[in-house]
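The values are calculated or read from the model by the stated rules, or taken from the named source; none is laboratory data. Bear in mind the structure is a predicted one, so any value in this text is a computation, not a measurement. Note that we place each Cβ from the backbone using ideal geometry, even for glycine, and neighbour counts take in every protein chain shown. Heavy atoms of the whole protein, side chains included, go into the accessibility calculation; ligands, DNA and RNA do not. Shrake-Rupley method; radii C 1.70, N 1.55, O 1.52, S 1.80 Å.
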Amino acid sequence: MSGKNKTLHLICNAHIDPAWLWEWQEGAAEALSTFRTAAELCHSEEAFVFNHNEVILYKWVQKYEPELFKRIQKLVKAGRWHIMGGWYLQPDCNMPSGESFVRQILLGRAYFKKYFNVTPTTAINFDSFGHTRGLVQILVKSGYDSYLFGRPEPRNCSLPSDNFTWVGYDGSEISAHRFEFPYISRAGKAREKIEKWLESNNDKELGMVLWGVGNHGGGPSKIDLRNVNKLIARTQDYNICHSTPEAYFKQLKRLRNELPRHSKDINPWAVGCYTSHIRIKQKHRQLENEIYSLEKMASAAAVQGLMNYPYEQIHEALCDLMTSQFHDILPGSSIEAVEETSLRMLDHGLEIAAREKTRAFFALASGQQRAQKGKIPVLVYNPHPFRVKTLLECEFNLADISAKFTDVKVFHKNRLIPSQVEQEASNLPVDWRKGVAFVAELEPSQMNRFDCQPEVTGKKPVSALRAKKGKIVFKTKDLEVVVNTRTGFVDRYKVRGRDCIGKKAFEPIVIGDIEDSWAKEEKKFRDVAGRFKLMDRQQGSKFSGLPLDGPGMKLDSVRVIEDGPVRSIIEAVLAYGQSSICQHYKLPKFGTEIEVQTRVYWNEKTRMLKLSVPTIGDDNKYIGQVAYGVGEFPCNGDEAVAQKWIAVISQKRDFALTCINDSIYGSDFSKDGLRLTLLRSAAYASDQWPNISQDRFLPRMEQGQSLFRFWFNGGRVRERLERIDREALVKNEKPFVVPFFPSGKGKKPNRLAVLSDDVIQITAIKRAQSNNDLIIRLFEPTGKSRTTVLSLPFMNRKIPVALGGFEIRTLRIKLRTGEMMTTNLLERPM
């Protein structure tokens, strides 16, 4: 093809990482200087267009240099400065929940519409380390028609073409383009980059090149722009133009009616980032859970006039959450100082959520009767639109200090329910503070009440569960668990007579790792460097904090620490190198779900910690929760990224082993079984040895204490997959438990929302972005079409809902009139 029928779109940008190898204050300074330079070039060069995204950077300019912000507003209005992408920032595109992606877009869209009156139609994530397939439906239902990205590169992820149609879990489709990496050009080298593209792609009818100094800002320079314009003027066979992502996709649509299709995620790259900076990942998950459960509780109270909806406070906490999802913060590729400031920011969001959640809780306790004499009320709010059967834990004070043991009975609606007293968090030698565990059935979307009755018995119950012949055997009518007291691991886990796992389950194994924070060239971590072993009595007693010359020296390293009508807890203490682990197996007297709690004291270098779970069967498939979808992962030991749950499925056995977590993302599966990735100890923001400093001490990630919790269950495939999404949501967005003596005043609030089926989720209930309308977001999590009835008892209304497989549906309800409409994810009518 010859002449000017071929077009090359130049996308000038300045990729600015708000924080990475520098803290956010330096990122803000770089945003100011870069935006100032870009504005000057936009004014002086008539054909030039500068592209930039990310609300967080514009907010800094708005706050710290308002006159520059006004100049940019004028340039945007004149078409000289293009707002691209329209998100809050460029997040990691695998680990945030589906709802968090919605908020990245919703907050970004609202800001750019308010201050610039623009709505970009091409979403961009230039530097994110991979992209979940769940993004497609989210993008389409947020008004995007195209997606532009650079990573992973072709050698890491094969795609049918650089231009393709990306197909989502629900069948949604969006046009996508993978540009030739990188997204920047070196100072003074923009023309050279463009010429290189022309030489390599002369047969292409349409192309795109991104240029501008980036990462630490910089953007366009006068010399680069002068050289680029000279190249544009002399090039004969291409129409080279300063452009925007939207212009590229508009021309692509005209040239090609059909593009090759891609119906998978766009992964992997930097698989170490599924685990690096685990403290940030844990706090991030916690803040997600707290904000979204707070919204449900605050909505229930606000729509019934019990409190004002805390919109500004939630918005502030959401901004903390959005910032933490930045693609060098959540993945763990930044310096130690950024890790610390990010944890501080997440704690800020968590404190806001805690205060507002508590306010909502006491508002929703309205109408609760005063306590009966001798009883201590425990109120539990279930934010979910379905009944929840779960084991609850709480602590409270007795009326007075007792010298004798006090047992506690728990009643629900005057009916005695299974409960047991357990070790409280404190260690005072008096009977005053009580820890209680009990099995509860919680009504949906409302406050549930339990009354605790202390009784002085004088004698603490003795455990009936003991070790015999080298093992502890725990049995109920549905469950059998055998813990090997010689190893500290589980040799049998049976559900209704069916084996769920192989021997030596939940063994912590140490994997050889590298210094590289990203693990850029890796796909799997399989080199076993060692295994945690059971401590001997002396070592275990010392680790447990017992005096060396005391009777505790006889303490077994595998022991039963709690046993009662509700559950048994078995504790094992383990060691490897300079590190130690205290592991708990929490085994229920009712049901089949077991909890494994792993408390790690880690002091290894260039090592990774995984929890090994041998599995059964030779036809297993490995799947897990991703953003508004379920992904299928490799079974060859490659590292995978998932969210709140994963499952190993055998169709031949019609059996699924499911695992819920509350804080990890990385794992792998192979013939060796399931391995959950807990920790890495790479260097901070580091390349591989020997390309790092070798003349000094290098701090490492994850040194010190970390706590992990997992919940395992087994059963028939359909039954497990229909239940697991709700179970995982309950473990993450936990019912809110507070011992409280109510005043007896006020009226009991009605339930907010209830679903009639057993599968469909409500992932968000919140105030609308623009006014006091109520937003309810539903999701079908199994890939099969389903129907449900959404009941809103507070307004005496029932709404039939039919959802396709993996469909997200957003409803907007006008509280004054009761009018209901289906909207897109921007909360606008479809």
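Here are some notes:
- Residue selected from region 359-384 under the condition in contact with a helix residue (DSSP H, G or I) (Cβ under 9 Å, 6 or more places away or on another chain) and part of a loop (DSSP other than H, G, I, E, B), by the criterion surrounded by the fewest Cβ atoms within 10 Å (Cβ to Cβ): Ser366
- Every condition in (1) touching a residue at least 60 places away in the same chain (Cβ under 8 Å); (2) in contact with a strand residue (DSSP E or B) (Cβ under 9 Å, 6 or more places away or on another chain); (3) surrounded by fewer than 16 Cβ atoms within 10 Å (Cβ to Cβ) holds for Arg718 except the one numbered (1).
- Applying the criterion of being among the aliphatic types (A, V, I, L, M) and assigned to a loop (DSSP other than H, G, I, E, B) to the residues of region 683-702, the residue that is modelled with the lowest pLDDT is Ile692.
- Taken over region 42-68, the criterion of being open to solvent by 10 Å² or more (accessible area, probe 1.4 Å) and of a type in the set (A, V, I, L, M, F, W, C) is satisfied by Ala47, Val49, Ile56, Trp60.
Residue by residue, here is whether (1) surrounded by 14 or more Cβ atoms within 10 Å (Cβ to Cβ); (2) without any contact (Cβ under 8 Å) to a residue 24 or more places away in the chain; (3) outside any loop (DSSP other than H, G, I, E, B); (4) in contact with a helix residue (DSSP H, G or I) (Cβ under 9 Å, 6 or more places away or on another chain) holds:
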{"site": "Lys404", "(1), (2), (3), (4)": "no, no, no, no"}
{"site": "Gly435", "(1), (2), (3), (4)": "yes, no, yes, no"}
{"site": "Asn448", "(1), (2), (3), (4)": "yes, no, yes, no"}
{"site": "Pro454", "(1), (2), (3), (4)": "yes, no, yes, no"}
{"site": "Thr487", "(1), (2), (3), (4)": "yes, no, no, no"}
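- Pairs with Cβ under 9 Å, 6+ apart, first in region 530-550 and in contact (Cβ under 8 Å) with a residue 24 or more places away in the chain and under 12 Å from Ser580 (Cα atoms), second among the acidic types (Asp, Glu) and not in a helix (DSSP H, G or I): Arg531/Glu507; Phe532/Glu507; Gly540/Asp556; Ser544/Glu571
- Any hit, region 600-622, residues being farther than 25 Å from Phe806 by Cβ, of a type in the set (Lys, Arg) and not in a strand (DSSP E or B): yes
- Residue in region 748-768 that is open to solvent by 50 Å² or more (accessible area, probe 1.4 Å) and closer than 30 Å to Ala399 by Cβ present: yes
- Gly577 meets the conditions (1) open to solvent by 30 Å² or more (accessible area, probe 1.4 Å); (2) of a type outside the set (A, V, I, L, M, F, W, C); (3) within 17 Å of Thr390 (Cβ to Cβ) in every case but one. The failed one is (3).
- Counted residues, region 636-645 - those being within 26 Å of Thr592 (Cα to Cα) and either open to solvent by 10 Å² or more (accessible area, probe 1.4 Å) or in a loop (DSSP other than H, G, I, E, B) (or both): 3
- Here Ser293, Ser276, Ser299 are screened, and the one residue that is small (Gly, Ala, Ser), under 23 Å from the mean Cα position of the chain (by Cα), part of a loop (DSSP other than H, G, I, E, B) and crowded, with 18+ Cβ neighbours inside 10 Å is Ser276.
- Taking the criterion of being over 30 Å from Leu609 (Cβ atoms) and either touching a Pro at 6+ places or on another chain (Cβ under 7 Å) or surrounded by 24 or more Cβ atoms within 10 Å (Cβ to Cβ) (or both), the only residue of region 262-273 that qualifies is His262.
- Restricted to strands (runs of 3 or more DSSP E) entirely inside region 133-203, those with at least 1 residues that are under 23 Å from the mean Cα position of the chain (by Cα), under 20 Å from Pro268 (Cβ atoms) and in contact (Cβ under 8 Å) with a residue 60 or more places away in the chain are 146-149, 163-167.
- Residue, surrounded by the fewest Cβ atoms within 10 Å (Cβ to Cβ), within region 69-80, restricted to residues that are within 35 Å of the chain's Cα centre (by Cα) and more than 24 Å from Glu23 (Cα to Cα): Gln73
- Yes/no for Ile561 being in a loop (DSSP other than H, G, I, E, B), open to solvent by 10 Å² or more (accessible area, probe 1.4 Å) and either β-branched (Val, Ile, Thr) or over 30 Å from Pro154 (Cβ atoms) (or both): no
- Flag for Asp654 being in contact with a helix residue (DSSP H, G or I) (Cβ under 9 Å, 6 or more places away or on another chain) and on the phi > 0 side of the Ramachandran plot: yes
- For region 802-819, a tally of residues being more than 25 Å from the chain's Cα centre (by Cα) and without any contact (Cβ under 8 Å) to a residue 60 or more places away in the chain returns 8.
- Number of the exception - Gly617 against (1) touching a Leu at 6+ places or on another chain (Cβ under 8 Å); (2) under 19 Å from Lys503 (Cβ atoms): (1)
- Any hit, region 102-120, residues being surrounded by fewer than 22 Cβ atoms within 10 Å (Cβ to Cβ) and of a type in the set (Gly, Ala, Ser): yes
- Of all residues in region 677-711, those satisfying the criterion of being open to solvent by 70 Å² or more (accessible area, probe 1.4 Å) and either among the aromatic types (Phe, Trp, Tyr) or without any contact (Cβ under 8 Å) to a residue 12 or more places away in the chain (or both) are Trp689, Pro690, Asn691, Gln694, Asp695, Arg696, Phe697.
- Of the set (1) in contact with a helix residue (DSSP H, G or I) (Cβ under 6 Å, 6 or more places away or on another chain); (2) without any contact (Cβ under 8 Å) to a residue 40 or more places away in the chain, all apply to Gly108 but (2).
- Within region 600-653, considering residues that are out of contact with any Lys or Arg (no Cβ under 7 Å at 6 or more places or on another chain) and of a type in the set (Asp, Glu), the one farthest from Gly488 (Cα to Cα): Asp618
- In region 302-344, the residues that are without any contact (Cβ under 8 Å) to a residue 40 or more places away in the chain, open to solvent by less than 40 Å² (accessible area, probe 1.4 Å) and farther than 30 Å from Gly818 by Cα: Asp320
- Condition check for Glu23 on (1) touching a His at 6+ places or on another chain (Cβ under 7 Å); (2) modelled with pLDDT of 95 or more; (3) surrounded by fewer than 21 Cβ atoms within 10 Å (Cβ to Cβ): one failure, at (1).
Every residue, every condition in (1) open to solvent by 20 Å² or more (accessible area, probe 1.4 Å); (2) in contact (Cβ under 8 Å) with a residue 40 or more places away in the chain; (3) out of contact with any helix residue (DSSP H, G or I) (no Cβ under 7 Å at 6 or more places or on another chain), yes or no:
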residue	(1), (2), (3)
Ser568	no, yes, yes
Glu571	yes, no, yes
Ile581	no, yes, yes
Pro588	no, yes, yes
Gly591	yes, yes, yes
Ile594	no, yes, yes
Leu609	no, yes, yes
